[in-house]
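Below: one structure, written as structure tokens.
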Amino acid sequence: MAMLEVNNIHTYYDKIHALKGVSLHVDQGEIVTLIGGNGAGKTTTLRTISGLLKPREGSVKLNGEDLAKYPAHELVYKGVSMVPEGRGVFAKLTVEENIEMGAYIDNDKARIERNKESAFTRFPRLKERRKQVAGTLSGGEQQMLAIARALMAQPKLLLLDEPSMGLAPILVDGIFDTIKEINQDGTTVLLVEQNASMALAIAHRGYVLQTGEIVLSDKADKLAKNETVQKAYLGID
Amino acid sequence: MSFLKNLDLRKLPMQLLVASIITLSVSAIGMVELFGGRFVITGLFTMAQILFLGPTAFFAYRAAQEAPAGKKWQGMIKALLLGVGVGLVMVVFVWLAQNLDVRSIFINISPRLINILTFEHAGGATTLFIALVLSALAGGALALVPDKLRNALLVGAGVTLLVGLLSEILAERLRSLFGSQLSSAIIASKALQVVPAAVLFLLVAGISYMRQSGRIGKVGPTLKPSQTKIVRTALISLLLLVLPMLLGSYLTEVTNNIGLFFLMGLGLNIVVGLAGLLDLGYVAFFAIGAYTMAALTSTGHLGLAGISFWVALPICVAVAAMAGFILGMPVLRMRGDYLAIVTLGFGEIIRILALSDLMKPYIGGAQGILNIPKPMVGELALIRPEQMYYVILIGVAIAMFMSTRVRDSQIGRRWMAMREDEDVAEAMGINLVNTKLLAFTIGAGFSGLAGAIFASKLGSIFPHSFNLLISINVLSLIIVGGLGSIPGTLVGAIILVGLPELLREFAEFRWLAYGVLLVTMMLNRPEGFIPSEVIKRELHAGDEAEQAG
Ligand SMILES: Nc1ncnc2c1ncn2[C@@H]1O[C@H](COP(=O)(O)OP(=O)(O)OP(=O)(O)O)[C@@H](O)[C@H]1O
Ligand SMILES: [Mg+2]
């Protein structure tokens, strides 16, 4: 049984039909990537999975359990954490406070401390800047912080929305390495990306989303060789 | 003339223009004339002189401050030019006023005004010119002295000025505490005497200077931080307990009003400052608290239960909190501007309901509810402001305790996360519905408490006491004090509620001062007088980055 199973979801913004029957699944231990151009509906898909948007049709199941009955804020208790598009760090809080906020659902002080330390080992840059206000971090650092914060809830499934957005290529490499490490440490990842080449390089499988519909799905390496994908998303003629 | 090289005069015309306009307008609107006879320091200078010389000094200081480091003397040149400029403008103004009849338009440009401006003697235009130049030079010189000394001088001058302004009230206090002899030695005919003024200035400036050098605090036995805290708390508590005796009836009444607004401010601070929900109808809960108290305790024909103040008080808080909860429900989905408008509407609905014929049989319509008894302690009715003070003090103490605890708890963090980013907060497991409702409920409860005490303190309440201006006032005071900050809320209440009351002497001009204060505050210190840590960071995040980079 798939860990996350998205079944034929239709999501609307009032009259705009943003998702027209999207189905995908993510198995335990995988990195699955969802690629697509601007306005394809990637963010909408993630927001629907995390309960911030309600689909008019279709279902989202986590380990077989329908998530429709849970409000967005309860998802984290189910082991799903999201790093929203544009990072969404708490700009006025310090790095450390941001990270602590990620452990909001945790009441075990000792465990929070342990998780915090492992976040700082993973991101030494953040440790140096633990007292710095998050709004003054560089884009890459903010992305690290957003990921570190999401990990504080010890999620089983991590949803990432365009972690490479607005980052220099060298930082993008770093972020993708980190995502791979996180996955190897046992967290399943659903990665939404426009940067198809990088995403397909670390993912096991991938889906291609176009104007609200999945047009392709395959193993990541096969997708990377697919002609349409190469033309449309990898800039290879 | 090497120090004149690169003299940057680009900003000067603007500064000159603004300084002239301010000086001209305080004269033309009648402020100078009204305060012409009002000495701040007996025989030395009047309010009027501060008004028409102060702006020049201030702008000269600003101009001089911008001089590049190492060429600070250029500042004096700028100050001089500014002084000469404003001086010329004012001399022309005086000449025009003497030779043309402008009173049909500017009724306040009177012979009396000209007398004041020319220091009450013929040919005084020259004196006025010299006085303006000297003020400008004094302002410019202030930019030259070291920071610590300047701060000390400004604090000293500020406190002396304030004492001078409030001298009438202070004189009354001194008389009743220490007898009339001492009182008239310090303050005579509404103004501070020269010698006490000098002593006060030197004392305050001296203390301020020593504090900045960190020389105070090292005198006396050194205490551990925890002990210092205990000593400080004990001293403050003691002071608060005897305060009404020191202040007398009138000032205690002012303090009580400050207390009630502080109480409301604490509540609104939770809603706006911590949870970030802009509520413009906050007066509604104040009204609900007051009307509940009135209906439950009144001995008049509208009284429902005739129960005592103390029994009714928690009920009032609960009813107001319930109202907050109920209002919270429909506005859950709204943010920012929309929320502000909905709450604004709610505030008005409550007031109009109170005025309406529909509710008249229960809460009296425009006639309000009368005969609300005072709180009783045993056989004693708390009638005097000095007695009511303690009721308000207890209310404030409870509200402060609760505010601090809530702010530092997990609920406080929830509010903060929600204020910053609702989606992320939700993704982190924060239930937005509960979090918002909680903020509304607690905030409304505080306001209800203030309203209940208010009703009993006044003895009768009318719908017009609960207008929009109260909501605006409470919002202003938490912003001026420092959004999200509890000490800031107190300072805001003192400045926006206390000062206008104490400066009654200055008639409608105090509202002008109030407006000017709000505008300058928001321009120069948008984080408020005593900002909370988080807000300070937000507004100065850019500065920090600059320093770091
Ligand atoms: N709040 C909204 N209201 C109305 N339409 C919306 C809203 N959010 C998104 N849309 C529309 O839904 C479609 C999908 O948007 P979505 O944000 O999911 O795209 P995306 O694939 O994440 O794009 P990008 O790579 O640019 O982030 C777009 O056509 C967009 O205009
Ligand atoms: Mg997107």
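The values are calculated or read from the model by the stated rules, or taken from the named source; none is laboratory data. As the structure is a computational prediction, the values presented were derived from the model and not from experiment. Cβ coordinates were reconstructed from backbone atoms using ideal geometry, including for glycine residues, and neighbour counts include every protein chain displayed.
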Count - residues of the stretch B:15-56 that are of a type in the set (A, V, I, L, M) and not in a helix (DSSP H, G or I): 4
The stretch A:113-143, residues that are at pLDDT below 90, more than 14 Å from chain B (Cβ to nearest Cβ) and within 18 Å of the chain's Cα centre (by Cα): A:Gly140
Boolean, A:Lys92 is in contact with a helix residue (DSSP H, G or I) (Cβ under 7 Å, 6 or more places away or on another chain), charged (D, E, K, R) and assigned to a strand (DSSP E or B): no
Helices (runs of 4 or more DSSP H) enclosed by the stretch B:379-471 - at least 2 residues per element that are within 14 Å of another protein chain (Cβ to nearest Cβ) and under 30 Å from A:Leu46 (Cβ atoms): B:410-420, B:422-427, B:432-458
Given (1) surrounded by 15 or more Cβ atoms within 10 Å (Cβ to Cβ); (2) at negative phi; (3) more than 16 Å from ligand 2 (Cβ to nearest atom), index of the condition A:Lys69 fails: (1)
Subset of the stretch A:57-89 [part of a helix (DSSP H, G or I), in contact (Cβ under 8 Å) with a residue 24 or more places away in the chain and either facing chain B (nearest Cβ under 7 Å) or basic (Lys, Arg) (or both)]: A:Val76, A:Tyr77
Unmet criterion (only one of (1) within 16 Å of ligand 2 (Cβ to nearest atom); (2) in contact with a strand residue (DSSP E or B) (Cβ under 8 Å, 6 or more places away or on another chain)) for A:Val60: (1)
Residue that is nearest to A:Leu145 (Cα to Cα) [pool: residues in the stretch A:183-199 that are crowded, with 21+ Cβ neighbours inside 10 Å and more than 16 Å from ligand 1 (Cβ to nearest atom)]: A:Val189
Answer residue from the stretch A:95-106, given it is facing chain B (nearest Cβ under 9 Å) and part of a helix (DSSP H, G or I) and is farthest from the chain's Cα centre (by Cα) among those: A:Glu97
Residues of the stretch A:161-170 satisfying the condition of being within 15 Å of ligand 1 (Cβ to nearest atom) and away from chain B (no Cβ under 12 Å): A:Glu162, A:Pro163, A:Ser164, A:Met165, A:Gly166, A:Leu167
Residue within the stretch A:171-192 that is within 14 Å of chain B (Cβ to nearest Cβ) and more than 16 Å from ligand 2 (Cβ to nearest atom) present: no
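So that you can scan it fast, the table gives a plain yes or no per residue for (1) outside any helix (DSSP H, G or I); (2) modelled with pLDDT under 95; (3) within 24 Å of B:Met428 (Cβ to Cβ):
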{"position": "A:Val6", "(1), (2), (3)": "yes, no, yes"}
{"position": "A:His10", "(1), (2), (3)": "yes, no, no"}
{"position": "A:Leu19", "(1), (2), (3)": "yes, no, no"}
{"position": "A:Leu24", "(1), (2), (3)": "yes, no, no"}
{"position": "A:Leu34", "(1), (2), (3)": "yes, no, yes"}
{"position": "A:Gly37", "(1), (2), (3)": "yes, yes, no"}
{"position": "A:Ala40", "(1), (2), (3)": "yes, yes, no"}
{"position": "A:Arg47", "(1), (2), (3)": "no, yes, yes"}
{"position": "A:Leu52", "(1), (2), (3)": "yes, yes, yes"}
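For the stretch B:113-231, which fully contained helices (runs of 4 or more DSSP H) count at least 3 residues that are of a type in the set (A, V, I, L, M) and in contact with a Lys or Arg (Cβ under 9 Å, 6 or more places away or on another chain)?
The qualifying helices (runs of 4 or more DSSP H) are B:124-144.
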Residue satisfying condition, being within 12 Å of chain B (Cβ to nearest Cβ), within 16 Å of ligand 1 (Cβ to nearest atom), of a type outside the set (Lys, Arg) and closer than 29 Å to A:Ser138 by Cα, within set A:Leu53, A:Leu46: A:Leu46
Unmet requirement for B:Ala507, which otherwise passes all of (1) crowded, with 23+ Cβ neighbours inside 10 Å; (2) more than 15 Å from the chain's Cα centre (by Cα); (3) aliphatic (A, V, I, L, M): (1)
Subset of the stretch A:144-160 that is within 10 Å of another protein chain (Cβ to nearest Cβ) and hydrophobic (A, V, I, L, M, F, W, C) - its residue that is nearest to ligand 2 (Cβ to nearest atom): A:Leu159
